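*Asks:* Following this message is one structure expressed as structure tokens.
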Amino acid sequence: MESTKTAHGSKQSKQKYIFVTGGVLSGVGKGITAASIGSVLQAKGSYVSIQKCDPYLNVDAGLLNPKEHGECYVTKDGAETDLDLGHYERFLDIELTQKNATLAGRLLSNLIADERAGKFGGQTVQLVPHLTREIQKAILTAGHGSDVHIVEIGGTVGDYEGLSFVEAIREFAMKVGRENCMYVHVVYVPFIGTSKEFKSKPAQNALNDLRGFGIVPDAVIVRSDNEAPSSIARKIALFGGIPESAVLMMPNVDSVFRIPEVIAESPLMKHLEYFTSNTKKPDLSKWSTLIKHQQAKKSRRVKVGMVAKYLDNEDTYISVLEALKAAAWQENVELDLTWINAETINHAELDAVDAILVPGGFGQRGIEGKIAAANYALEHKKPYLGLCLGLQVAVVAAARRAGLKDANSTEFNADTTHDVVYIMEGQAGKESTGGTLRLGDYEAELAKGSLAAETYGSTNIVERHRHRYEVNQRFKAEIEKGGLTISGTSPDGKLVEFVEAKDHPYFLATQAHPEFKSRPFKAHPMFVGLIRAVTH
Ligand code: GLN
């Protein structure tokens with residue numbers, strides 16, 4: 001068999017591809033499953049890369065409604081992506097880029113631009129073979145250099161809009177060799193309460209659908225709310241035409257971080273080992289340590305008030321929540337998260353929490369409540385963490401405290417005379433286009449001896465960004481008079497990156513989104529700082 005050397009330096013016979021598709025319904029943990037398979041292989045020393053393909057006609061996730069789709073996750077190169085990339089980064093502890101997020105809208109818009117540029121020399125441009133070829137190219141690019149490349153296809157097989165992706169991954173095996181591709185189908189088995197039985201029929205139909213598109217899976221992962229009987233696994237194996245050992249029953253577990261272990265201990269592992277020719281024992285100690293921390297008896301509770309406007313969908317702030325949880329596990333405290341509605345916020349709610357967090361956000365709704373929360377934290381010396389918009393409202397609160405009563409961000413009051421947060425020169429007039437955001441990694445220099453520098457243990461840091469408005473340093477004196485110091489800026493000093501309060505247990509805010517770089521087993525220092533301010 002041909003042998004290739006990967007960019008990572010490890011040698012293996014040909015690059016392997018694992019395609020993760022879904023059946024029955026979406027939202028049953030396909031992303032976590034894909035990431036967990038990756039982390040098991042990573043724990044065996046393989047160099048793993050991962051990619052999400054979404055059949056939407058959007059070009060990126062930047063303009064998608066977070067209420068419906070969950071958070072927009074931002075990569076270091078500024079790609080605005082689906083929240084699954086966050087799962088991948090947290091599970092695999094790697095940094096992904098635009099090439100790891102493939103949306104049908106982006107591929108189609110490039111394809112149409114090429115057609116307009118006359119690049120097809122008179123050909124009829126079609127979904128097959130032109131779009132499918134673009135999908136395959138995107139897969140090859142994203143997987144380049146890794147031992148195993150995992151590709152998750154969004155939605156469920158059979159969705160009208162996803163057909164080109166299913167066809168593309170079917171053909172892919174003909175290009176790279178079927179032996180180098182593993183197809184994993186994630187299905188759901190419902191429990192019918194009235195007859196008290198699990199039903200495998202929808203899963204069987206989903207396997208039928210997949211076969212109808214020419215893909216016979218190598219493994220099936222069966223999600224269910226509770227443990228389903230082994231007869232279900234037998235039925236699915238028989239129907240899927242695969243050995244029973246390639247059917248992994250995966251009922252809900254107490255912690256998603258247990259899934260790598262569940263996979264590693266299942267008979268499916270043999271198939272994965274054979275497929276990757278890697279029989280090394282996986283080192284899953286970081287996962288078991290994490291679960292131990294997660295489930296340890298906690299020394300105390302910390303009540304964090306999250307001042308937000310979307311309260312009915314935790315996915316909207318998933319990275320912030322994961323970052324808070326990671327910090328709480330590390331500090332051995334029980335996180336008691338209280339959602340505070342920014343539109344109806346009152347003092348009693350703020351009195352009742354140990355710490356306040358104002359996360360990122362766009363738009364006017366709830367903004368006065370967020371400013372009030374920052375003001376409360378300044379006045380009552382309550383630990384405060386401000387993320388992006390959370391910094392901007394803190395700056396507005398400080399300027400108002402210094403007497404600039406109408407201080408505001410021009411995002412919320414375009415006519416304010418005291419535009420303490422504003423659109424910088426060169427950006428004005430482009431506010432409503434998708435393209436003017438400051439996105440991705442930016443460096444910041446932190447003032448020596450500041451809380452920011454102390455928290456990071458460094459004066460030079462890099463964080464990811466996603467915002468349009470900046471602090472107006474013309475009002476530096478007023479912001480300081482109101483109680484805040486600018487403690488971090490861009491290296492040229494033009495952009496404010498961090499502010500903090502003097503004589504305060506912990507009031508730290510950043511223009512960036514540090515939550516994207518937190519990992520479950522490596523909590524981010526700003527979140528740890530917030531928890532410690534309460535416990536120390
Ligand atoms: N709406 C603010 C801006 O555009 C903050 C953005 C955010 O919190 N991500 O600058």
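The values are calculated or read from the model by the stated rules, or taken from the named source; none is laboratory data. None of these values were measured; they are calculated from a predicted model. Virtual Cβ from ideal backbone geometry, glycine too; neighbours counted across all protein chains shown. These accessible areas exclude ligands, DNA and RNA; they are computed on the full protein's heavy atoms, side chains included. Shrake-Rupley method; radii C 1.70, N 1.55, O 1.52, S 1.80 Å.
*Asks:* For the stretch 328-349, give me each residue that is within 15 Å of M526 (Cβ to Cβ) and open to solvent by less than 40 Å² (accessible area, probe 1.4 Å).
*Replies:* Selection gives A328, E331.
*Asks:* Mind telling me which of the residues T141, T102, T124 ends up being loosely packed, with under 14 Cβ neighbours inside 10 Å, within 28 Å of Q15 (Cα to Cα) and either under 30 Å from the mean Cα position of the chain (by Cα) or without any contact (Cβ under 8 Å) to a residue 60 or more places away in the chain (or both)?
*Replies:* T141
*Asks:* If G440 satisfies every condition in (1) on the phi < 0 side of the Ramachandran plot; (2) buried (at least 16 other Cβ atoms within 10 Å of the Cβ); (3) not acidic (D, E) but one, which is the exception?
*Replies:* (1) is the only condition that G440 fails.
*Asks:* Among the residues of the stretch 194-229, write down those that are surrounded by fewer than 21 Cβ atoms within 10 Å (Cβ to Cβ), within 25 Å of Y274 (Cα to Cα) and in contact with a strand residue (DSSP E or B) (Cβ under 8 Å, 6 or more places away or on another chain).
*Replies:* Passing the criteria: only V216.
Listed here are the residues, each with its yes/no results for (1) hydroxyl-bearing (S, T, Y); (2) within 13 Å of the ligand (Cβ to nearest atom); (3) modelled with pLDDT of 95 or more; (4) closer than 21 Å to L311 by Cα.
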{"position": "N341", "(1), (2), (3), (4)": "no, no, yes, yes"}
{"position": "L350", "(1), (2), (3), (4)": "no, no, yes, yes"}
{"position": "I367", "(1), (2), (3), (4)": "no, yes, yes, yes"}
{"position": "V396", "(1), (2), (3), (4)": "no, yes, yes, no"}
{"position": "A402", "(1), (2), (3), (4)": "no, no, yes, no"}
{"position": "M424", "(1), (2), (3), (4)": "no, yes, no, no"}
{"position": "Q427", "(1), (2), (3), (4)": "no, yes, no, no"}
{"position": "S450", "(1), (2), (3), (4)": "yes, no, yes, no"}
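*Asks:* So, one more: Could you identify the single residue in K286, K292, K325 that is open to solvent by 40 Å² or more (accessible area, probe 1.4 Å) and under 19 Å from the mean Cα position of the chain (by Cα)?
*Replies:* Only one candidate passes the filter, namely K325.
*Asks:* Within the set of pairs 6+ apart or on separate chains, which have a first residue in the stretch 184-203 that is under 16 Å from E227 (Cα atoms), a second that is among the charged types (D, E, K, R) and part of a strand (DSSP E or B), and C-beta atoms under 6 Å apart?
*Replies:* Listed pairs, sorted by first residue: Y188/R223.
*Asks:* Could you check how many residues of the stretch 64-79 are open to solvent by less than 40 Å² (accessible area, probe 1.4 Å) and under 16 Å from Q51 (Cβ atoms)?
*Replies:* 3
*Asks:* Tell me which of these L391 doesn't satisfy, since it passes every other one: (1) touching a residue at least 40 places away in the same chain (Cβ under 8 Å); (2) surrounded by fewer than 22 Cβ atoms within 10 Å (Cβ to Cβ).
*Replies:* Result: L391 passes all but (2).
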